[in-house]
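Please read the structure below before turning to the comments.
The values are calculated or read from the model by the stated rules, or taken from the named source; none is laboratory data. Please read all numbers here as calculations on a predicted model, not as lab measurements. For neighbour counting, all protein chains shown are included, and Cβ atoms are generated from backbone atoms with ideal geometry for every residue, glycine included.
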Amino acid sequence: MKRNIDLNEITDGRFYLLDDMVRADCRDCVGCSKCCHEMVDTILLDPLDCFRLSMALSCSFDDLITGEKIELELIDGIILPHLKFQQNTGCCPFLNHLGRCDIHAFRPGFCRMFPLGRYYSKRTFCYILQTKECPKPRTKTKVSKWIDTVLLPQNQKFINDWHYFLEDLENQLLSCPPETVRQAQLYLLHTFYRTAYSVSDKIPETAEAAFYQEFYKRFEKAQALLV
Ligand code: SF4
Ligand code: SF4
């Protein structure tokens, strides 16, 4: 999701890399679940996020939609899934009655890094600290520790590849006829989200290593076909 914002208004003005220390550690969020409310359609899900959710709930991508955990939306010309926050309560569907995340080990990438965000520029990305989002007193921690992600080098490559693939595709679709746009949107959804990743192991390192392997087979084909 593209956002036109003044970074100085919402961040501390710094860019962070994995080895940098950042004031993001809110001490396990004890007593707070602010960022699990009222996020509406902003927690976008990449294929790894949906793979993790399917693992957590032992269900398919389509089950996540029919179970009202996620929904699809047209974002910058591409159909993408996001967490479906409940209309009546404004809560994330995975927030339990104790105010904790029911799928903590499988939570999406956006939730892992909050209150950090990603800043993309020149075919790469770094992290920013959003200073107005988390009200808790926070201590310093290493970015790599805070984002709590296994297989970090593969993960960072995946995040970057997926982002710029979508960006290239969005730009390309701007000049395509509506029927071609529709076909590309459905192809993307089918290839990267609806078609299950044949991974049975639930140990995060093994499962995600297998995910990346299968993702990149599909990615190479999609790149050749779409971009
Ligand atoms: S707003 Fe901060 S403390 Fe509250 S749940 Fe989010 S990250 Fe945790
Ligand atoms: S998935 Fe978990 S951490 Fe993310 S918004 Fe929902 S309850 Fe909060």
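Check off (1) touching a Pro at 6+ places or on another chain (Cβ under 8 Å); (2) at pLDDT below 95 for THR42 and give me the number that stays unchecked.
(1)
Say whether the condition of being within 16 Å of ligand 1 (Cβ to nearest atom), in contact (Cβ under 8 Å) with a residue 60 or more places away in the chain and more than 27 Å from LEU17 (Cα to Cα) is met by at least one residue in the range 79-96.
yes
Of all residues being among the hydroxyl-bearing types (Ser, Thr, Tyr) and out of contact with any His (no Cβ under 9 Å at 6 or more places or on another chain) in the range 114-131, which is nearest to ligand 2 (Cβ to nearest atom)? Just the residue, please.
TYR127
Suppose we filter the range 113-128 for residues that are farther than 16 Å from ARG27 by Cβ and within 13 Å of ligand 1 (Cβ to nearest atom); how many remain?
Going through the range 113-128 one residue at a time, the tally reaches 2.
Under 9 Å between Cβ atoms, at least 6 apart or on separate chains: pull out the pairs that start in the range 30-44 with a residue that is closer than 17 Å to GLY117 by Cα and end on any residue that is assigned to a helix (DSSP H, G or I) and within 8 Å of ligand 2 (Cβ to nearest atom).
CYS35/CYS111; CYS36/CYS111; MET39/PHE110; THR42/PHE110; ILE43/PHE110; ILE43/CYS111; LEU44/PHE110
For the range 113-227, which fully contained helices (runs of 4 or more DSSP H) count at least 2 residues that are in contact with a Phe, Trp or Tyr (Cβ under 7 Å, 6 or more places away or on another chain)?
152-173, 204-226
Would you point out the residue of the range 132-141, among those that are out of contact with any strand residue (DSSP E or B) (no Cβ under 6 Å at 6 or more places or on another chain) and more than 16 Å from ligand 2 (Cβ to nearest atom), that is nearest to ASP12 (Cα to Cα)?
LYS132
Just checking, which of ILE10, ILE70, ILE43 is touching a helix residue (DSSP H, G or I) at 6+ places or on another chain (Cβ under 6 Å), hydrophobic (A, V, I, L, M, F, W, C) and under 21 Å from PHE125 (Cα atoms)?
Every option except ILE43 fails the conditions.
Would you mind stating whether LEU116 is modelled with pLDDT of 95 or more, of a type in the set (A, V, I, L, M, F, W, C) and touching a Pro at 6+ places or on another chain (Cβ under 6 Å)?
no
Checking the structure you have, find out if any residue of the range 91-113 is in contact with a His (Cβ under 6 Å, 6 or more places away or on another chain) and modelled with pLDDT of 95 or more.
Yes: the range 91-113 contains one or more residues that are in contact with a His (Cβ under 6 Å, 6 or more places away or on another chain) and modelled with pLDDT of 95 or more.
Just checking, which of ARG107, ARG14, ARG23, ARG3 is crowded, with 20+ Cβ neighbours inside 10 Å, out of contact with any Ser or Thr (no Cβ under 6 Å at 6 or more places or on another chain) and not hydrophobic (A, V, I, L, M, F, W, C)?
ARG107
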